[in-house]
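Asks: There's a structure below that I have some questions on.
The values are calculated or read from the model by the stated rules, or taken from the named source; none is laboratory data. Keep in mind it's a predicted model, so treat the numbers as computed, not measured. Cβ atoms come from the backbone with ideal geometry, glycine included; neighbour counts cover every protein chain shown.
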Ligand SMILES: [Fe+2]
Ligand SMILES: [Fe+2]
């Protein structure tokens, strides 16, 4: 099943939303590689691993961007958030080692299943926290950045999951 980015996943910062969309596209590309094995029963391991590797590198850069934002905001949940990012990279490393060279669609599906669950949960449960914090603080430098977005709300499309400031 393909993952979809929806507006309620928005963190209110266009650049970070684009990163999330790209990460989802990577996962969908991996899923398509599995779909391609439908008749042969064999996944193209080289193609799958290249995409997985690219997704991992992209995630690393995205995490660095988020952590730098959280640092600049003095976001109180930064350490827990960094630990979650670290846990993801540790797990992807483990999966790479475990399934390296495997052409089994079932092995590839295990990887995709993990990525789908982690990305969705992390976006809803953790990225939403700094997004809400940012929204509540209306941090000036980021707020200035958001004004230039194409949003009808003027806040990058972000809808706070907590109550909006009065
Ligand atoms: Fe994120
Ligand atoms: Fe994150």
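Asks: Kindly indicate which of 16, 73 is within 16 Å of ligand 2 (Cβ to nearest atom), touching a helix residue (DSSP H, G or I) at 6+ places or on another chain (Cβ under 7 Å), at pLDDT 95 or above and closer than 21 Å to residue 127 by Cβ.
Replies: On the way: 73 fails: at pLDDT 95 or above.
The match here is 16.
The rows are residues; the columns are (1) modelled with pLDDT of 50 or more; (2) buried (at least 17 other Cβ atoms within 10 Å of the Cβ); (3) in a helix (DSSP H, G or I).
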site: 103; (1), (2), (3): yes, no, no
site: 119; (1), (2), (3): yes, yes, yes
site: 126; (1), (2), (3): yes, no, yes
site: 129; (1), (2), (3): yes, yes, yes
site: 132; (1), (2), (3): yes, yes, yes
site: 136; (1), (2), (3): yes, no, yes
site: 150; (1), (2), (3): no, no, no
site: 158; (1), (2), (3): yes, yes, no
site: 163; (1), (2), (3): no, no, no
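Asks: Just give me the residues in the stretch 39-57 being free of Cβ contacts under 8 Å to residues at least 12 places away in the same chain and part of a loop (DSSP other than H, G, I, E, B), in sequence order.
Replies: 39, 40 - these are the residues of the stretch 39-57 that are free of Cβ contacts under 8 Å to residues at least 12 places away in the same chain and part of a loop (DSSP other than H, G, I, E, B).
Asks: Taking the criterion of being in a loop (DSSP other than H, G, I, E, B), within 12 Å of residue 112 (Cα to Cα) and either in contact with a helix residue (DSSP H, G or I) (Cβ under 8 Å, 6 or more places away or on another chain) or at pLDDT below 95 (or both), would at least one residue in the stretch 3-13 satisfy it?
Replies: The initial filter retains those residues of the stretch 3-13 that are in a loop (DSSP other than H, G, I, E, B), namely 3-6, 10-13.
With the extra rule that they be within 12 Å of residue 112 (Cα to Cα), the set shrinks to 3.
Next, from what is left, pick out any that are either in contact with a helix residue (DSSP H, G or I) (Cβ under 8 Å, 6 or more places away or on another chain) or at pLDDT below 95 (or both): 3.
The answer is yes, given that some residue of the stretch 3-13 is in a loop (DSSP other than H, G, I, E, B), within 12 Å of residue 112 (Cα to Cα) and either in contact with a helix residue (DSSP H, G or I) (Cβ under 8 Å, 6 or more places away or on another chain) or at pLDDT below 95 (or both).
Asks: Determine if the stretch 109-116 includes at least one residue that is more than 17 Å from residue 31 (Cβ to Cβ) and either in contact (Cβ under 8 Å) with a residue 12 or more places away in the chain or within 12 Å of ligand 1 (Cβ to nearest atom) (or both). Steps first, answer last, please.
Replies: Restricting attention to the stretch 109-116, the residues satisfying the condition of being more than 17 Å from residue 31 (Cβ to Cβ) are none.
Looking for residues that are more than 17 Å from residue 31 (Cβ to Cβ) and either in contact (Cβ under 8 Å) with a residue 12 or more places away in the chain or within 12 Å of ligand 1 (Cβ to nearest atom) (or both), one finds none in the stretch 109-116, hence no.
Asks: Here are some conditions: (1) on the phi < 0 side of the Ramachandran plot; (2) in contact with a helix residue (DSSP H, G or I) (Cβ under 8 Å, 6 or more places away or on another chain). Residue 36 meets all but one. Which one does it not meet?
Replies: (2)
Asks: Looking at the stretch 23-37, can you tell me whether even one residue there is in a helix (DSSP H, G or I), touching a residue at least 40 places away in the same chain (Cβ under 8 Å) and more than 14 Å from residue 114 (Cα to Cα)?
Replies: yes
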